[in-house]
1. Consider only pairs whose beta carbons are under 6 Å apart and that are at least six residues apart or on different chains; among these, list those whose first residue lies in segment 432-459 and is free of Cβ contacts under 8 Å to residues at least 40 places away in the same chain and whose second residue is assigned to a helix (DSSP H, G or I) and open to solvent by less than 30 Å² (accessible area, probe 1.4 Å).
2. Please determine whether any residue of segment 408-420 is open to solvent by 30 Å² or more (accessible area, probe 1.4 Å) and without any contact (Cβ under 8 Å) to a residue 60 or more places away in the chain.
3. Can residue 374 be described as in contact with a strand residue (DSSP E or B) (Cβ under 9 Å, 6 or more places away or on another chain), over 27 Å from residue 453 (Cα atoms) and polar (S, T, N, Q)?
4. Only one of 657, 741, 703, 696 is within 16 Å of the chain's Cα centre (by Cα) and among the basic types (Lys, Arg); which?
5. Can you work out which of the residues in segment 86-105 that are in contact with a Phe, Trp or Tyr (Cβ under 9 Å, 6 or more places away or on another chain) and in contact (Cβ under 8 Å) with a residue 40 or more places away in the chain is most open to solvent (accessible area, probe 1.4 Å)?
6. Working only within segment 205-220, note down all residues that are in contact (Cβ under 8 Å) with a residue 12 or more places away in the chain and not in a loop (DSSP other than H, G, I, E, B).
7. Specify the residue that is nearest to residue 277 (Cα to Cα); the eligible residues are those in segment 235-249 that are outside any helix (DSSP H, G or I) and open to solvent by less than 50 Å² (accessible area, probe 1.4 Å).
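The values are calculated or read from the model by the stated rules, or taken from the named source; none is laboratory data. Predicted, not measured: the structure shown is a model, and the values here were computed from it. A quick note on method: Cβ atoms are made from the backbone with ideal geometry, for glycine too, and the neighbour counts reach across all protein chains shown. Note: areas computed on protein heavy atoms with side chains; ligands, DNA, RNA excluded. Shrake-Rupley method; radii C 1.70, N 1.55, O 1.52, S 1.80 Å.
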Amino acid sequence: MTAQLAPPNFLSTFGHADVSLVEIEPGTDVHTWTATGHQPYFLITRPLPAGIAHLRLKLTSDTRGRGSLSFDTGSGFSETGSIALPELRRELEIDTHIRLEKPVRAIRYCPLDKPGTFTLEHFSLEHISVTKTYARAIRAKLKEIRENNKLGRAAKKGLKLLLSGDFASFKKKLVQSLGGGVDTRAADYRLWRETNQMTDARRARIRAEIADMSSPPLLSVLMPVYNAPELYLRMAIDSVLRQLYPHWELCIADDCSTAAHVRPLLAEYAARDPRIRVTYREKNGNISAATNTALEMARGDFIALMDNDDELAEHALFKFAQAIAADRSLDMLYSDEDKIDIHGQHSDPFFKPDWSPEYFLACMYTCHLGVYRTALVREIGGFRSAFDTAQDYDMVLRLTAKTSRIHHIPDILYHWRMLPTSTASGASAKPKAHVTSERALQEFIRATGRTGTVEDGPALGFHRVRYAISGEPLVSIIIPSACKLVKIRERDSYYALECIKSVVAKTTWKHYEILLLVRDDIAVGSGSVPPSPPRGGAGGGVPPPLQSQLEEMGVRRISYSEPFNWSRVNNLGATHAKGSHLLFLNDDMELISPDWLQALLEFSQVPEIGAVGGRLLFPDDRLQHGGVNVLDGNPGHPFYGCEAGRNDYFYNTIVHRNCAAVTGACLMTRADVFKSVGGFAEKFHLNYNDVDYCLRVIESGKRIVYTPYAELYHYESVSKAGVGQDELAAFKSVWAKKWPRDPYYNPNLTTQGCDYRIDTDHLA
């Protein structure tokens, strides 16, 4: 079955009943169209079954823009059921396969996101039968194996899956050969690289700035070498020789290589440039020992760590020297990075956040290129052989225990070579590194005077740090509620009642109190909360008294008389709270994690942390909250409405990390912190009060932490109105200038949404 827009005229192909035009008008020929608005689309009411579909389109236009493809699977069109297409810059051609998880009732194809004329030469979306799917997958896999010379490894892996009886994984791997759908990130990164490529004019500007530098720092690049392939070793050294910044030395420590080409190659380069200094170790000592040997050679104030088969961007050392010259107090600097394959193709860019201590505990995200104050590295003892395979992580953990003077350079300055034995090809290439990293984290916890444990994270290379909770702190759970009768799972009840039942029944931390805040004008007599009128007017049953159930569960009820103001009501609850930790909780919540309070307390007790929030899911397991970004003054939730648990952007919604804010629907903060910053700002009646609070906490010098290990269902603000523009304007009037950019969101990423796409709108 095929949905198709094709010459001579796709309207005649489908018939007028099958295709509708919205903000699109036909042009002078069958291929030409004019988008008249900012949301133009073709609506194709033609069903497609679930499974693999082959997408092909060819589009040209002088109007630059980005299109999308959306599917109605029975619940209408939504952003979560949409595929963003690569940006159109004159011409866009796509030929790929996508997976339709559910049968499709209708397709909405948006070619542009603004007015303009375009030519649509072809559009087709064809369902592929199971037989054809596997036939195409086998051909694609064989082509991939031939091109990458991976026949032996591929056959071994495939045979292992078949012999183990894991046919599901075998089929999944096979179908992945067809491609993972529309790869907008790859296309956007190609555009980013084209736009940011070095030009003669840019080189001239950089050289002029270097010439004007006062006391330019000497940077010592440390390169331990052991049997690196000749081609890649040359590429690595050549990339240092190409540096625009001339004030460097390359300290190479050969770790007793046995490959015949290594020693003469290193001697050749040392003779070519006096800045290249080589030491030959007499005994193989592995990576830490070799790096320490290179460290002994270093004469620069700062060292840079480089692997013997990777490459530096041409302007890498200049960017670091520029940052050091601007702030001589810095102890550690790091840049963004990408991967480079054996054919020289760049992929998988990692546009990192600024320094995020809790994210660093989850993974060694700073990695390449890392530059460190030489004296400080020597002071902490350099690299430790006991932590080989994770020696850099161990060193940086010890270094960050000594300093917080850390700077991030948001530019791709390091190209990490993807070889079968390299971690760049996947953490599974060095599984021992994961275990060693956990030992390094355990040492870090002990060295910083805390107690705790380290557990596996969502994937190899990712971890969960669990600080032991000091004492038995009381948590005051503060829940404002309108106590309205609603339909929950086909029966009448109250969200507050169901939420509190969930807390009482599932919570494993027993040192808590619950405060329910209710307006006194819905109280009767002694303060019991009456049921709302039966649905549908007269008649119907009367629900059991709510107050008696609350009393049985030990809930303290706090009444108030003013019109509802979320901030004021929660501030009132805080004045009645007895706990040293306050947990502000919406009434439309249901627990998933029984140890949710422990997960929040583990971070809330840390003096440097001011607020903690958990992961909130919609009842259908889509993500509602995974931290808050504040971009151009607009608070937003990353990957809102997406499938929970997916690897979104380097696992940042499924590991603990720092962020600008967390939602007040589930926010824990210490009572002393809450008091010191003045609680919630009551001028924010319904919205942005939580974000405003978190930003004020950051202003006070503390961090905000998001943890996915406190997980709850959120029925999404069932008892409050939507967001008004006046509230957003009020928020921006306070924070737009004070918070010009979110440090936990890389400036190379788009601020038009929180999906971590590369910002192509500002590329020339």
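1. Pairs that qualify, where the first residue is free of Cβ contacts under 8 Å to residues at least 40 places away in the same chain and the partner is assigned to a helix (DSSP H, G or I) and open to solvent by less than 30 Å² (accessible area, probe 1.4 Å), are 454/441.
2. The answer is no, given that none of the residues of segment 408-420 is open to solvent by 30 Å² or more (accessible area, probe 1.4 Å) and without any contact (Cβ under 8 Å) to a residue 60 or more places away in the chain.
3. Considered against the rule, which asks whether it is in contact with a strand residue (DSSP E or B) (Cβ under 9 Å, 6 or more places away or on another chain), over 27 Å from residue 453 (Cα atoms) and polar (S, T, N, Q), residue 374 comes out as yes.
4. 657
5. Result: 105.
6. 206, 207, 209, 210, 219, 220
7. Going through the qualifying residues, I end up with 249.
Quick grid of which residues meet (1) open to solvent by 60 Å² or more (accessible area, probe 1.4 Å); (2) of a type in the set (Phe, Trp, Tyr); (3) modelled with pLDDT under 85:
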| site | (1), (2), (3) |
| --- | --- |
| 720 | yes, no, yes |
| 732 | yes, no, no |
| 735 | no, yes, no |
| 753 | no, no, yes |
